[in-house]
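The values are calculated or read from the model by the stated rules, or taken from the named source; none is laboratory data. Remember, predicted model here, so these are calculated numbers, not experimental data. FYI the Cβ positions are ideal-geometry reconstructions off the backbone, even for glycines, and counts take in every protein chain you see. Areas reflect the complete protein model, heavy atoms only, side chains present, ligands, DNA and RNA absent. Shrake-Rupley method; radii C 1.70, N 1.55, O 1.52, S 1.80 Å.
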Amino acid sequence: MKDVNWIKENYLLFLDEKQENLKDLIKDLQKEERIDEANLEKVRLNIVEIFSKMFNISLNDNPMVLKEKYLNFFDKIANPWYISREKALKFGKGKEAIIEDIKIKEVEELKNKFENYYSQMDIG
């Protein structure tokens, strides 16, 4: 039976593995002196770390409460990024737009992954 403990274990494992892979990639890029690319990966890592913390804050025995709390963080945290990206594009700030785009893509991937795990749970 897939319950809250199942999603806790599997989604946290996904987040932990993602963090480790990003850390390894950052180290490799730094060794190759690809500093700009390493810095962009640090942005992705930061997003994963933030949402790992938000998931732990959201943990609840009630799967509905877990879903509501966790998904609320996606809206609260990521909505300003969409606005910042639009402003950056409007004013021709390419680097800022790229950073906001990376953050948005990362957060959408994390949200989709969570929703995928959540849809597999057995909810009474």
*Read through the list (1) assigned to a helix (DSSP H, G or I); (2) surrounded by fewer than 17 Cβ atoms within 10 Å (Cβ to Cβ), then give the number of the only condition that Asn60 fails.*
(1)
_Contacts under 7 angstrom Cβ, first residue in the stretch 61-82 being more than 20 Å from Ile102 (Cα to Cα), partner open to solvent by 40 Å² or more (accessible area, probe 1.4 Å), 6 or more apart_ = Pro63/Ile123; Leu66/Leu59; Leu66/Asn60; Lys69/Asn60
*Taking only pairs six or more apart or across chains, which ones have beta-carbon atoms under 7 Å, a first residue in the stretch 87-99 that is free of Cβ contacts under 8 Å to residues at least 12 places away in the same chain and more than 15 Å from Asn39 (Cβ to Cβ), and a second residue that is open to solvent by less than 100 Å² (accessible area, probe 1.4 Å) and part of a helix (DSSP H, G or I)?*
Leu89/Ala97
*Any residue in the stretch 105-124 that's under 17 Å from Leu13 (Cα atoms): show its pairings with residues that are in a loop (DSSP other than H, G, I, E, B) and open to solvent by less than 80 Å² (accessible area, probe 1.4 Å) at Cβ separation under 8 Å, as long as the two are six or more apart or on different chains.*
Gln120/Lys2; Met121/Lys2; Met121/Asp3
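Quick check on my filter: what residues within the stretch 1-12 are among the hydrophobic types (A, V, I, L, M, F, W, C), over 13 Å from Leu110 (Cα atoms) and in a helix (DSSP H, G or I)? Quick ask: steps written out before the conclusion?
Here is the first cut: in the stretch 1-12, the residues among the hydrophobic types (A, V, I, L, M, F, W, C) are 1, 4, 6-7, 12.
Pick out the ones that are also over 13 Å from Leu110 (Cα atoms) and you get 1, 4, 6-7.
Val4, Trp6, Ile7, listed by residue number.
Yes/no per residue for (1) out of contact with any Phe, Trp or Tyr (no Cβ under 7 Å at 6 or more places or on another chain); (2) in a helix (DSSP H, G or I); (3) among the polar types (S, T, N, Q):
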| site | (1), (2), (3) |
| --- | --- |
| Phe74 | yes, yes, no |
| Ala78 | yes, yes, no |
| Tyr82 | yes, yes, no |
| Ile98 | yes, yes, no |
| Ile102 | yes, yes, no |
| Lys111 | no, yes, no |
| Asn116 | yes, yes, yes |
*Search result, residues across the stretch 18-54 that are more than 20 Å from Phe74 (Cα to Cα) and open to solvent by 90 Å² or more (accessible area, probe 1.4 Å)*: Glu20, Asn21, Lys27, Lys31, Glu32, Glu33, Arg34, Asp36
_Tell me whether the stretch 13-23 contains one or more residues that are among the hydrophobic types (A, V, I, L, M, F, W, C), more than 19 Å from Lys67 (Cα to Cα) and part of a helix (DSSP H, G or I)._
yes
*Count of residues meeting criterion [closer than 24 Å to Glu41 by Cβ, among the aromatic types (Phe, Trp, Tyr) and surrounded by fewer than 17 Cβ atoms within 10 Å (Cβ to Cβ)] in the stretch 78-116*: 1
_Where the second residue is surrounded by fewer than 16 Cβ atoms within 10 Å (Cβ to Cβ) and acidic (Asp, Glu) and the first is at pLDDT 95 or above and lies in the stretch 8-30, which pairs have Cβ atoms under 7 Å and are six or more apart or on separate chains?_
Gln19/Glu49; Leu29/Glu37
